[in-house]
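Colleague: Below is one structure. I have some questions about it.
What follows is calculated from the coordinates using simple rules that are stated; it is not laboratory data. A quick note: this is a predicted structure, and the numbers were derived from the prediction, not measured. Note that we place each Cβ from the backbone using ideal geometry, even for glycine, and neighbour counts take in every protein chain shown.
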Amino acid sequence: MAYTVSDIKIGDIVRFTSIANNDDNIYYGKIISKCSYELAKSYSDIVTMYNNISIYLQGEVPDIEELNYILIKLMDSNNEDKYIIAFAIEWIDTITLIEAENKMLITVYEAGESDKNNILSALKDAGYIAKVEKIY
């Protein structure tokens, strides 16, 4: 069964795109909260986003305060936190759940800080999402 916006839960790590044709971003991060318009606008310029995206909504466009907002802690390709944004669920086009519960601990011997990017790139090139937890 496909993961949809109605399946969103706090703690999910997701990848999604906007319904706006002019937004080429692929958002990737952890859902940290569902929130009100008042809270959402303290994290993102919701009015500007609403004005840019609402033209892509199907049917009657809901009032900006009636949308369902989430806070997402965006992460980079190394799963390192970037910053938090607010986004309306109604603005999400496609969404994929990243199975964060399935983890594998790998120990790489004789590797140091200078090897980190090569190791992460190799895993990413193979289709994995990985991050370095600790370098001993």
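Colleague: If you take the beta carbon distance between Tyr3 and Val132 as r and set R0 to 35 Å, what does 1/(1 + (r/R0)^6) give as a FRET efficiency, to the nearest 0.05? Spell out each step's value before the answer.
Modeller: Numbers: r = 27 Å, r/R0 = 0.77.
That gives a FRET efficiency of 0.80.
Colleague: Pull up the cross-link candidates among the aspartates and glutamates for Lys134, meaning alpha carbon to alpha carbon under 20 Å and not fewer than 8 places away within one chain.
Modeller: Partners within reach: Asp76, Glu80, Asp81, Glu101, Glu110, Glu113, Asp115.
Colleague: Using the Karplus curve 6.51 cos²θ - 1.76 cosθ + 1.60 with θ = phi - 60°, what ³J(HN,Hα) values do you get for each residue of region 37-49, in whole Hz, with x for Gly and Pro?
Modeller: For region 37-49, the Karplus curve yields 4, 4, 6, 4, 6, 7, 9, 9, 7, 4, 4, 5, 4 Hz.
Colleague: Give the calculated FRET efficiency between Ile84 and Tyr109 to the nearest 0.05, with a Förster radius of 35 Å applied to their Cβ-Cβ distance. Write out the running numbers ahead of the final one.
Modeller: Numbers: r = 36 Å, r/R0 = 1.03.
For Ile84 and Tyr109, the calculated efficiency is 0.45.
Colleague: Among 5-13, 32-40, how do they line up by average Cβ neighbours within 10 Å per residue, starting with the highest?
Modeller: 32-40, 5-13
Colleague: Please work out which option in [x] 18.6; [y] 16.6; [z] 15.9 gives Kirkwood radius over Cα pairs in Å calculated from these coordinates, and answer with its label.
Modeller: Step by step, Kirkwood radius over Cα pairs in Å for this structure corresponds to label [y].
Colleague: In region 5-98, how many lysine pairs have Cα atoms under 16 Å apart, counting only pairs 8 or more places apart or on different chains?
Modeller: Details: Lys9/Lys30; Lys9/Lys34; Lys9/Lys73; Lys30/Lys73; Lys30/Lys82; Lys34/Lys73; Lys41/Lys73; Lys73/Lys82.
Lysine pairs meeting both conditions in region 5-98 amount to 8.
Colleague: Next up: Give a residue-ordered list of calculated ³J(HN,Hα) values for region 84-91 (Karplus: 6.51 cos²θ - 1.76 cosθ + 1.60, θ = phi - 60°; whole Hz; x for Gly, Pro).
Modeller: 9, 10, 9, 8, 7, 4, 5, 8
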